1. Hey, what do the phi angles of region 107-121 turn into as Karplus ³J(HN,Hα) couplings, whole Hz, using 6.51/-1.76/1.60 and θ = phi - 60°, x for Gly and Pro?
2. Residues with beta-carbon under 14 Å from that of R133, excluding R133: net charge, scoring Lys, Arg +1 and Asp, Glu -1?
3. Could you go through region 51-67 in sequence order and give the Karplus-derived ³J(HN,Hα) for each residue, using 6.51 cos²θ - 1.76 cosθ + 1.60 with θ = phi - 60°, rounded to whole Hz, and x for Gly and Pro?
4. Name the most mobile residue of E50, E156, E23, meaning the one with the largest mean-square fluctuation, in a Gaussian network model of the chain with Cα contacts below 10 Å.
5. Where Lys and Arg each count +1 and Asp and Glu each count -1, what net charge lies around Y76 among other residues with Cβ under 10 Å from its Cβ?
6. What are the ³J(HN,Hα) couplings of region 17-27, residue after residue, when phi is run through the Karplus curve with 6.51, -1.76, 1.60 and θ = phi - 60°? Round to Hz, x for glycine and proline.
7. List the residues whose amide H sits under 5 Å from the amide H of K43, counting only those 5 or more places along or on another chain, with H placed 1.01 Å from N in the peptide plane.
8. Could you pull out every residue, at least 5 positions away or on a different chain, whose amide H is within less than 5 Å of the one on G77? Hs are placed 1.01 Å off N in the peptide plane, and Pro or chain starts have none.
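Only the coordinates and a few stated rules stand behind these numbers; no lab work does. A quick note: this is a predicted structure, and the numbers were derived from the prediction, not measured. With ideal geometry, Cβ positions are generated from the backbone for all residues, glycine too; neighbour counts draw on all protein chains shown.
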Amino acid sequence: MRLFASVDLPNDLAEPVADLQDEFADASGLEFTDPTQAHVTMKFLGDVDEDRLPALERALGAAVADAAVDPFTVRYGGLGVFPSLEYISVVWLGVADGGEELTRLHEAIEDRTTAMGFDPDDHDFTPHVTLARMTHAGGKELVQELVEEREPAIGEARVDEVRLTESTLTDEGPVYSTVASFPLE
């Protein structure tokens, strides 16, 4: 099972995400994510044997409790890229409000999952929603221009759970399904 922990955007934000992606439509080299599957990845876990699932679910439940984050509101806005504007591999939508709570959740999840033997993240956590991946630099200048000039506000959403999500790779792109949910209290 290919798994990650996530905070999912609600369905009513799929259209504003798609509208934002449309602004990049003329930038060649971008592969867009499915706006109906928009999420903030809290921790990518990779391929996980199914027999580890019960322990992983216990660890994620404990991590959410450790973080001691009450349900909160995230306001999605702003644009960015990874790793840099000179070399773009990912174009993302940022988090204008709620980043502190997302970071606390991420850190607790990171602690619990690395204690289980999962690889630690090799980069600082930046809460974001992936909009597109850049496969070649043909549209790099347009992406740079939009990222530097636009400060979109997509909307806000209440966060009341973290999900363990399975990613099944298909010819049409990944399909996500929720394996377990861990409510914030």
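1. Whole-Hz 3J(HN,Hα) from phi for region 107-121: 4, 5, 5, 4, 4, 5, 6, 5, 5, 7, x, 6, 4, x, 4.
2. With Lys, Arg at +1 and Asp, Glu at -1, the net is -1.
3. Computed from phi, the couplings for region 51-67 are 5, 8, 4, x, 5, 5, 4, 4, 5, 5, x, 5, 4, 4, 5, 4, 5 Hz.
4. E50
5. Working: positive: R75; negative: D97, E156.
Neighbour charge sum, excluding Y76 itself: -1.
6. In residue order, the calculated couplings are 5, 4, 4, 5, 4, 4, 5, 9, 4, 7, 8 Hz.
7. Amide H to amide H, under 5 Å and 5 or more residues apart or across chains, K43 pairs with A5.
8. Correct list: G94, V95, A96, I154.
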